[in-house]
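Peer 1: Sharing a structure here in structure tokens format.
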Amino acid sequence: MEDIELTNIEECNTDIVDISVEKEVDVEIIDDVAVAEPNVGTALQAFSHNLQITDADAEGQDSQGAGNKGRMGERMVSMGLITEDQLNVALQEKKISGKMLGEILVDLGFIDEGVLSAFLAETSGFGVFDPRNTIVDGEALALLKKAMAVQHQVLPILLKDDEVHVAMSDPYDVVALDTLRRYLPKNLQIKQMVTTSAILAEAIDAAYGYASSIKGILDELEEGKEQKDVASLDESEAFSHPIVRLVNALVFDAVKLGVSDLHFEPEDNFVRLRYRLDGVLYTAQILHKQHWNGISQRIKIMSEMNIADKLSPQDGRFSMNVGGREADFRVSSLPTVHGENIVLRVLDKSSSIMPLSDLGFSEENMAKIASANSKPEGIIIVTGPTGSGKTTSLYSMLNEINDVEVNIQTLEDPVEYSLPMIRQTHVREGVLEFADGIKALLRQDPDIIFIGEVRDKTTAEMALKAAMTGHQVYTSLHTNDSFGAIPRLLDLGMKPGMLAGAITAVFAQRLARRLCSSCKVEHSPSAQECKILGIDVPNAPNIYKTGQGECMACGGCGYKGRVAVVEILLFDEELNEVIARNESKAELKALALKKGFKSMKDDGILKVLDGVTDLDALAKVVDLRV
Ligand SMILES: [Zn+2]
């Protein structure tokens, strides 16, 4: 028994485990957890109990270890979550108040609760299972019978690739883990999530008591048992109501597939649910019209809308943990002749911030960005229509320059993703507008300012002013290409002389669908394709197109994911002179091309030649005729 336990513990390779070897390390983490996050705390105390560490030990270790600043604090500093100074302030405070370090850091506003729990989950090696905002995956649940789950106090909550996430109150329970390994398919890795035994027992009952797959719930609804009105449910009833489970299951399904929007569209006799995936809409479900009242009410309750009002358009939002990821949903309702049309936009915080290279930025474009970022002042503008991925690129850029040495502040409408160490402000019409917001931000000593969007003259003026007074300003504009930014700003009433020199770079981008790498087919391009690609027919390299037939990876559509097609116009003295002389967009373009400017079309063609996308997908987002 002793041996087994050790092997298992070593496998997990976490700090909690280290307790048995090196007590001082974890004690502090454990006692911090206890205060910061009650659920985790109890669970972690349970493990420490198993590992023969008592609270009394913990207290003793904590006071002894106080002199060496605490490993938890030092680790946070090394991870860049807090600064050395902030740690010292917090430790000072700890001496006075005797509170736990984590709690103090939150109280002082150095980190937020989310960062603290993420840090604790990471250092303990396990995520935290909270059934209140987690949707249990029907597929995972089907892997284990209820009796087994109850006996061993385990709950499979998510099946993802080759992993199964299992909620446990004691993630070191060797017998339970062995049983799971015996009953679950061999190729699955078990990933433990922790919670308290009371919460777990309740979650097991709730999850196994009712169908949780979309089909199961729809069948149950077809049986047509009398159901309570969704609007009158209290929290304990909500979990078991079929409409509530149906909405959860639909949301789960959509997020798992990587869908960006869910459209609930009531028609005369039915409700169509369409998903937008990689920019394209397709029908996912046809639902009975009789359920629409319940479903729409449920969604409106979740997003804190007024359920009594069915005649005005409304906005709302809610967040939910889906498959271990925190996802935000922006919800909008619009009355139509057949009832309220509801659209959910998925803001998946974890998937949104990717390195620029993963988004599809070429090395040449990355070098241009580095050059733009190296200028201490000036405006960097990203242009493109809605859905062109400009927000994602801006976030990725900010994330790359995010550093303890700079103060980055943002004004957004709304704040779509929260970034650590960046102060983000939500702009609201009538409350805090962009122009006033910039004025207020400038008094906050920022180095870098991100203004969600320039839509009017005052905002444009303030942004330019900020850029000319030693700040780097990032913003977005609604124009078609990078050259369109200058006339747009002139339209907003800016003077050519103000623009010249203030703008560092203008980006334009589109998202083209990526060819599915599992089924794409190589072929030699036709004469016409060669003409578009700008290559000679005799020695044309092979390019790729979508595969035919069954493909598990892309569901047979031939595309999977999207890639950014980008152009970056970097300004220099000569280009600035063209702007200052108020010459036409054509003049500007001619000069830029002479200097080797690469358009979105050029960038897209490189991606076609690289086999990342094809001409069909590219033609849908970039004009290939010019
Ligand atoms: Zn495929």
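Peer 1: In region 367-422, what residues are within 24 Å of residue 78 (Cα to Cα) and of a type in the set (D, E, K, R)?
Peer 2: 400, 403, 405, listed by residue number.
Peer 1: While we're here: What are the residues in region 473-526 that are away from the ligand (no atom under 16 Å from the Cβ) and among the β-branched types (Val, Ile, Thr), if any?
Peer 2: Residues satisfying the conditions are 473, 475, 479, 486, 503, 504, 506.
Peer 1: I'd like the residue in region 556-580 that is at positive phi and in contact with a strand residue (DSSP E or B) (Cβ under 9 Å, 6 or more places away or on another chain) and, out of all such residues, is farthest from the ligand (Cβ to nearest atom). If you could, list the steps in order and put the result at the bottom.
Peer 2: Kept after step one, since they are at positive phi, are these residues of region 556-580: 556, 558, 561.
Checking which are in contact with a strand residue (DSSP E or B) (Cβ under 9 Å, 6 or more places away or on another chain) leaves us with 558, 561.
Details: 558: 6, 561: 11 Å.
Within region 556-580, the match that is farthest from the ligand (Cβ to nearest atom) is 561.
Peer 1: Just to be sure before I move on: is residue 319 surrounded by 16 or more Cβ atoms within 10 Å (Cβ to Cβ), small (Gly, Ala, Ser) and under 25 Å from the mean Cα position of the chain (by Cα) in the structure I sent?
Peer 2: no
Peer 1: Moving to a separate point now. For region 464-475, give me each residue that is surrounded by 20 or more Cβ atoms within 10 Å (Cβ to Cβ) and out of contact with any Gly (no Cβ under 9 Å at 6 or more places or on another chain).
Peer 2: Of all residues in region 464-475, those surrounded by 20 or more Cβ atoms within 10 Å (Cβ to Cβ) come to 464, 466-467, 471-475.
Residues satisfying the conditions are 464, 466, 474.
Peer 1: Related question: Return a yes/no flag: does region 529-538 have any residue that is within 22 Å of residue 375 (Cβ to Cβ), away from the ligand (no atom under 16 Å from the Cβ), among the basic types (Lys, Arg) and surrounded by fewer than 19 Cβ atoms within 10 Å (Cβ to Cβ).
Peer 2: Going through region 529-538, the residues within 22 Å of residue 375 (Cβ to Cβ) turn out to be none.
Taking every residue of region 529-538 in turn, none turns out to be within 22 Å of residue 375 (Cβ to Cβ), away from the ligand (no atom under 16 Å from the Cβ), among the basic types (Lys, Arg) and surrounded by fewer than 19 Cβ atoms within 10 Å (Cβ to Cβ).
Peer 1: Moving on to the next point. How many residues are touching a strand residue (DSSP E or B) at 6+ places or on another chain (Cβ under 9 Å) and not in a loop (DSSP other than H, G, I, E, B) if we restrict to region 590-605?
Peer 2: So the count comes out to 6.
Peer 1: When region 408-423 is examined, which residues are found to be under 21 Å from residue 464 (Cα atoms) and crowded, with 17+ Cβ neighbours inside 10 Å? If you could, list the steps in order and put the result at the bottom.
Peer 2: The initial filter retains those residues of region 408-423 that are under 21 Å from residue 464 (Cα atoms), namely 408-413, 423.
Selection gives 408, 409, 410, 411, 412, 413.
Peer 1: On to the next question. Hey, residue 478 hits all of (1) touching a Lys or Arg at 6+ places or on another chain (Cβ under 9 Å); (2) under 17 Å from residue 382 (Cβ atoms); (3) crowded, with 18+ Cβ neighbours inside 10 Å; (4) of a type outside the set (A, V, I, L, M, F, W, C) but one; which does it fall short on?
Peer 2: So the condition that residue 478 fails would be (3).
Peer 1: Among the candidates 484, 501, 556, single out the residue that is farther than 25 Å from residue 384 by Cβ and assigned by TED's automatic domain parsing to the domain that holds residue 407. Give the derivation first.
Peer 2: Details: 484 fails: farther than 25 Å from residue 384 by Cβ; 501 fails: farther than 25 Å from residue 384 by Cβ.
Just one listed residue meets the conditions, 556.
Peer 1: In contact with a His (Cβ under 9 Å, 6 or more places away or on another chain), surrounded by 16 or more Cβ atoms within 10 Å (Cβ to Cβ) and in a helix (DSSP H, G or I): is that true of residue 273 in this structure?
Peer 2: Working: in contact with a His (Cβ under 9 Å, 6 or more places away or on another chain): yes; surrounded by 16 or more Cβ atoms within 10 Å (Cβ to Cβ): yes; in a helix (DSSP H, G or I): no.
Answer is no for this residue.
Peer 1: Still on this model: Kindly evaluate residue 548 against the criterion of being away from the ligand (no atom under 11 Å from the Cβ) and surrounded by fewer than 14 Cβ atoms within 10 Å (Cβ to Cβ). Explain how you work it out, then say what you get.
Peer 2: Numbers: away from the ligand (no atom under 11 Å from the Cβ): no; surrounded by fewer than 14 Cβ atoms within 10 Å (Cβ to Cβ): yes.
For residue 548, the condition - away from the ligand (no atom under 11 Å from the Cβ) and surrounded by fewer than 14 Cβ atoms within 10 Å (Cβ to Cβ) - is not met.
Peer 1: Let me ask another. Tell me the strands (runs of 3 or more DSSP E) entirely within region 497-574 that contain at least 1 residues that are among the acidic types (Asp, Glu). Working first, answer last.
Peer 2: Working: elements: 503-515, 521-523, 543-545, 559-570.
Qualifying strands (runs of 3 or more DSSP E): 521-523, 559-570.
Peer 1: Going by the conditions given, is residue 590 buried (at least 21 other Cβ atoms within 10 Å of the Cβ) and more than 16 Å from the ligand (Cβ to nearest atom)?
Peer 2: So residue 590 does not fit the description; no.
Peer 1: Is there any pair with a first residue in region 573-591 that is within 11 Å of residue 487 (Cα to Cα) and a second that is among the small types (Gly, Ala, Ser) whose Cβ atoms are under 7 Å apart and which are 6 or more apart or on different chains, and what are they?
Peer 2: 579/500
Peer 1: How do the helices (runs of 4 or more DSSP H) wholly within region 279-380 filter down when requiring 3 or more residues that are touching a residue at least 24 places away in the same chain (Cβ under 8 Å): which remain? Show your work before the answer.
Peer 2: On the way: elements: 292-302, 349-352, 356-359, 363-373.
Here the list reads 292-302, 349-352, 363-373.
Peer 1: Failed condition for residue 105, given (1) assigned by TED's automatic domain parsing to the domain that holds residue 75; (2) hydrophobic (A, V, I, L, M, F, W, C); (3) at pLDDT 85 or above; (4) in contact with a Pro (Cβ under 9 Å, 6 or more places away or on another chain), with all others met?
Peer 2: Every listed condition holds for residue 105 apart from (4).
The values are calculated or read from the model by the stated rules, or taken from the named source; none is laboratory data. Predicted model only: the values in this text are computed from it and were never measured. A quick note on method: Cβ atoms are made from the backbone with ideal geometry, for glycine too, and the neighbour counts reach across all protein chains shown.
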